[in-house]
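A short write-up of the structure that comes next.
The values are calculated or read from the model by the stated rules, or taken from the named source; none is laboratory data. Keep in mind it's a predicted model, so treat the numbers as computed, not measured. FYI the Cβ positions are ideal-geometry reconstructions off the backbone, even for glycines, and counts take in every protein chain you see.
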Amino acid sequence: MSDQSRAESGLVLLSERLTNSAAFGALFRDGMDLVEETAAYLDGNGRTEAKALERSVSLTYATESMRLTTRLMQLASWLLLHRAVKEGEMTLGQANREKTKVKLSAADPGASEMIEKLPQQLQDLIERSMTLQAKIRRLDASIHTGAREPVAAGNPLMPHLDRLKAAFER
């Protein structure tokens, strides 16, 4: 269905509504802020804290910081793809094809007993990145599962869409 015929019939794509929502904008900002904060930590205080760790914990630090960086790079890639959709720079179909290169399950953290030995700030960054990853996975499933399903503006599904949107604002 063309954009014009969709507009004329009062249909809205669920995926378009989600990528254009304030919740997506907030998620995008939070994600990019987390990337910047993590980079600053790993290049600054993280280096100092890593030098003070025991050898075995130092290896865990290196592994987990690499996993964290990989995870955040994948999440940032997903966010940038969907911002491009929001800005009209690409279609959702193009983003869907490109997102196959993005691994939303990338680099899950290691054993919790090892994570607990890491500096608190790194633990916090890992936890926040996992929360971001969970939000993006849910949003990805919502966007791409219903990407081709138009929803009428007065449809009874709209309250459910609004609840979904509210869930991402938390």
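Inspect segment 68-83 for any residue being more than 15 Å from the chain's Cα centre (by Cα) and crowded, with 17+ Cβ neighbours inside 10 Å and give the result as yes or no. No, segment 68-83 has no match at all. Looking across segment 65-101, just one residue is among the β-branched types (Val, Ile, Thr) and touching a helix residue (DSSP H, G or I) at 6+ places or on another chain (Cβ under 6 Å), and that is VAL85. Taking the numbered list (1) modelled with pLDDT of 95 or more; (2) touching a Pro at 6+ places or on another chain (Cβ under 8 Å); (3) not β-branched (Val, Ile, Thr) in turn, LEU11 passes all entries but (1). For segment 39-48, the set of residues classified as surrounded by fewer than 17 Cβ atoms within 10 Å (Cβ to Cβ) and part of a helix (DSSP H, G or I) consists of ALA39, ALA40, ASP43, ASN45, ARG47, THR48, listed by residue number.
Screening MET1 on (1) modelled with pLDDT under 95; (2) closer than 22 Å to GLY110 by Cα; (3) touching a Pro at 6+ places or on another chain (Cβ under 7 Å) shows it passes everything except condition (2). Modelled with pLDDT of 95 or more and either over 22 Å from LEU139 (Cα atoms) or outside any helix (DSSP H, G or I) (or both), is that true of GLY31? So GLY31 fails the test.
Taken residue by residue, segment 60-77 has at least one member that is under 27 Å from LEU118 (Cα atoms) and among the basic types (Lys, Arg). Just so you know, in segment 100-132 the residues that are touching a Ser or Thr at 6+ places or on another chain (Cβ under 8 Å) and of a type outside the set (A, V, I, L, M) include one that is nearest to ALA52 (Cα to Cα), and it is LYS117.
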